[in-house]
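Q: Let me give you the structure first, and then I'll get to my questions.
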Amino acid sequence: MPKEDFSRKALAYSKFYGGKVGVSPKVPVRSLDDFSIWYTPGVAAVSRAIAEDAELSFEYTGRWNTVAVVTDGTRVLGLGNIGPEGALPVMEGKSLIYNYLGGVNAIPLPVRAKSEEGLIDLVRALEPSLGGVNLEDIESPKCFDVLDRLRAEMKIPVWHDDQQGTAGVTLAALFNALELTGRKLKGSRIVLFGAGAANVAAERLLVKAGVNPKDIVVLDSKGILHPERDDIDQLMLKNRWKYEIAIHTNGDRITGGLKDALKGADALVCAAGQGPELVKPDEIRVMNKRSIAFFMANPVPEMLPPAALAAGAEIVATGRSDYPNQVNNSLMFPAIFRGALDVRAKTITDPMVIDAAHELAAFAREKGISKDYILPTMVQWEVYPRVAAKVAQAAIREGVARRKMTAAESLRVATETIEHSRKVMNALRRNGIILDPPE
């Protein structure tokens, strides 16, 4: 379907439905006596129990399965700084995916925060109501500090999907692309074009997964990051994340632009900005044979796949669904939170994300990977409970889980919870409560 049709239908359908998600009861109301149980006087017993032990809020309320999708609207994908109201439709869409593919009760929550400190204070104040927080579409470098602070100060998982989610799916895609081209993660030369949220997190995750940082080269809008750059002192003061990358990556101390970085490179991961000609054919041509190129910008990739393939790339991926190999963080975040919530995790660690990436890649390998299929697709819903179970077990192993369960129990609980959400959707459609949209 052409992009214009998606846009037209999105406007028409949004007006028709008046929102993508809502709140519905989980308990039966059969008579007035039920209100006396769910509300006063019966509810007082539940409140007293939780007041004595706040951890019981994960057992007696919906907190255990509730996530807030929080943004200040300063860096909405493909749209920029459009404010919290403009970001609301995107956060609603994210919440819908959480529910349908992860069985997670997600609340879209764009906020008007005038400062970084104000945003941190606001999210921190929400903690008693939530099992987790998904930060979304926050400008760089503010997003890094907000995530680091909240992860350190809160006792529930705080996740920035533009960082951890995109990095995790990128890692999964690289696992299979490297296998198809006869390479290993360790020993491959990888270029990250763009030094915003996605690639800063990707660099950290790649290193923790086994890549030698000296084999990674990262570029921002001013060129290759390296210790002798003219602005290195400014980076140290204003963007310590890019500064640290400049210090410990790029072992050959390459300088210059993208073409210089790509000479002899095995893989390129772009999260740099709108294309379609941000990356040129002559830049792809200097890469090693059987090269890998991911173009992640949406809605227009940094380079279109046909051009990259013609220039010599063997495996090409984008963030779009109308090309093969969609590297989409929607493959990651519903399952990550399903697993984390099932064991009442206190945080989401990098090893949890790496385990999720391994399971995503393994699922695709079982189906049969090829140059046009390196990742599962969103319609292969059975991948989500599998990834969730791996995440839950990693949380237990990492010592951040409040609740213990076996691997088999993790898979069963995740499967049943996700299946329940899908059954609810189907039942509501079947009974005419959720109507099909007008054509």
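FYI, it's all coordinate maths here, none of it is from the lab. All figures in this text were calculated on a predicted structure; none of them were measured in a lab. Cβ placement follows ideal geometry from the backbone for every residue including glycine, while neighbour counts extend to all protein chains displayed.
Q: Mind giving me the FRET efficiency for Val23 and Glu153? R0 is 41 Å, r the Cβ-Cβ distance, nearest 0.05 is fine.
A: 0.90
Q: 5 Å is the cut-off here: which amide hydrogens, built 1.01 Å from N in the peptide plane, fall below it relative to Cys270, excluding neighbours closer than 5 in sequence?
A: Phe193, Phe294, Phe295, Met296
Q: Jot down the radius of gyration and Dmax of the chain, Cα atoms only, both in angstrom.
A: Taking only Cα atoms of the chain, I get Rg and Dmax of 22.4, 74 Å.
Q: Two decimals is fine: what's Rg over Rh for the stretch 294-434, C-alpha atoms, Kirkwood radius as Rh?
A: Values: Rg = 17.4 Å, Rh = 16.5 Å.
My calculation puts Rg/Rh at 1.05.
Q: Hey, another quick one. Please give the net charge around Ala271, taking every other residue with its beta carbon less than 10 angstrom from that of Ala271, where Lys and Arg add +1 and Asp and Glu add -1.
A: Taking every Cβ under 10 Å from that of Ala271, the sum is -2.
Q: Rank by packing, highest mean first: peptides 251-264, 303-316, with packing defined as the count of other Cβ atoms within 10 Å averaged across residues.
A: Sorting 251-264, 303-316 by mean packing, highest first, produces 303-316, 251-264.
Q: For the stretch 175-183, take each phi angle, set θ = phi - 60°, evaluate the Karplus expression 6.51 cos²θ - 1.76 cosθ + 1.60, and give the result in whole Hz per residue in order, putting x for glycine and proline.
A: 3, 7, 5, 5, 4, 5, 9, x, 10
Q: Could I ask something else about it? Give the percent of DSSP beta bridges with both residues in the stretch 61-156 that are antiparallel, rounded to the nearest 5. Please list the in-between numbers first.
A: Details: 1 of 11 bridges.
Bridges in the stretch 61-156 are about 10 percent antiparallel.
Q: May I pose another question? Using θ = phi - 60° and the Karplus form 6.51 cos²θ - 1.76 cosθ + 1.60, what ³J(HN,Hα) does each residue of the stretch 319-330 get, whole Hz, x for Gly and Pro?
A: x, 9, 7, 8, 10, x, 6, 7, 8, 10, 5, 5
Q: Still on this structure, please answer the following. What whole-number distance in Å separates the alpha-carbon centres of the stretch 44-73 and the stretch 228-252?
A: If we compute the Cα centre of each part, the gap is 42 Å.
Q: Turning to a different aspect of this structure: What are the residues whose amide H is under 5 Å from the amide H of Ala265, where those residues sit 5 or more places off or on another chain and H is modelled from the backbone?
A: Asn288
Q: In the stretch 164-318, what percentage of the DSSP-assigned beta bridges are antiparallel, given to the nearest 5? Don't skip to the answer; put the middle values down first.
A: Details: 3 of 20 bridges.
In the stretch 164-318, approximately 15 percent of DSSP beta bridges are antiparallel ones.
Q: May I ask you to derive the FRET efficiency for Glu55 and Arg253 from their Cβ-Cβ distance with R0 = 45 Å, giving the value to the nearest 0.05? Provide the component values of the computation, followed by the final result.
A: Details: r = 51 Å, r/R0 = 1.13.
Step by step, r from the Cβ atoms, then E = 0.30.
Q: Here's something else I'd like to know. Please give me the summed charge of the neighbours of Asp230: other residues whose Cβ is under 15 Å from its Cβ, Lys and Arg +1, Asp and Glu -1.
A: Values: positive: Lys222, Arg229, Lys238, Lys242, Arg253; negative: Asp220, Glu228, Asp231, Asp233.
Net local charge, Asp230 excluded: +1.
Q: Given a 10 angstrom Cα cut-off, can you work out which residue in Tyr98, Tyr60, Tyr243 is the most mobile in a GNM of the chain?
A: Tyr60
Q: Order of Val400, Val76, Val70 from fewest to most other C-beta atoms within 10 Å? Walk me through the numbers on the way to the answer.
A: Details: Val400 19, Val76 23, Val70 28.
If I rank by nearby Cβ atoms, fewest first, I get Val400, Val76, Val70.
Q: Residues with amide H under 5 Å of Val76's amide H, sequence separation 5 or more or different chain, H placed in the peptide plane at 1.01 Å from N; which?
A: Asn81, Ile82
Q: What dipole magnitude, in Debye to the nearest 20, does the chain give about its Cα centre under +1 on Lys/Arg Cβ and -1 on Asp/Glu Cβ?
A: That gives a dipole near 760 debye.
Q: What does the extension gain come out to for Gln274 and Glu4, with contour length at 0.36 nm per residue minus their alpha carbon separation?
A: Working: separation 270, 0.36 × 270 = 97.20 nm, distance 1.77 nm.
Extra length available between Gln274 and Glu4 comes to 95.4 nm.
Q: Please give me the summed charge of the neighbours of Glu416: other residues whose Cβ is under 14 Å from its Cβ, Lys and Arg +1, Asp and Glu -1.
A: The answer is +1.
Q: Angle check, please: helix 43-52 long axis (alpha carbons) against the longest principal axis of the chain (alpha carbons), in degrees 0 to 90, nearest 10.
A: Compared with the principal axis, the helix lies near 50 degrees.
Q: Something else now. For the Cα atoms of the chain, what angle does the longest principal axis make with the long axis of helix 333-342, in degrees from 0 to 90, nearest 10?
A: Helix 333-342 sits at roughly 50 degrees to that axis.
Q: Among rounded, prolate and oblate, which fits the stretch 61-156 when a ≥ b ≥ c are the square roots of the eigenvalues of its C-alpha gyration tensor, a/c under 1.5 means rounded, and a/b larger than b/c means prolate?
A: oblate
Q: From the phi angles alone, apply the Karplus equation (6.51, -1.76, 1.60; θ = phi - 60°) to the stretch 278-284 and give each ³J(HN,Hα) in whole Hz, x where the residue is Gly or Pro.
A: 6, 10, 9, x, 5, 6, 5
Q: Using a Gaussian network for the chain with springs between C-alpha atoms less than 10 Å apart, which of these wobbles most: Glu416, Glu117, Glu366?
A: Between Glu416, Glu117, Glu366, it is Glu366 that shows the largest mean-square fluctuation.
Q: Sticking with this one: Among Ser188, Ser410, Ser47, which one shows the highest mean-square fluctuation when the chain is modelled as a Gaussian network with alpha-carbon springs under 10 Å?
A: Ranking Ser188, Ser410, Ser47 by mean-square fluctuation puts Ser47 first.
Q: Next up: Kindly flag which residue pairs out of Lys186/Lys371; Lys186/Lys390; Lys20/Lys155; Lys238/Lys289 have an alpha-carbon separation exceeding 31 Å in this structure.
A: In this structure, Lys238/Lys289 lie more than 31 Å apart at Cα.
Q: So, one more: For Arg430 and Asp372 in one chain, what is 0.36 nm times their gap in residues minus the Cα-Cα distance, to one decimal in nm?
A: 17.3 nm
Q: What angle, in degrees between 0 and 90 and rounded to the nearest 10, separates the Cα long axis of helix 383-398 from the longest principal axis of the Cα atoms of the chain?
A: 90
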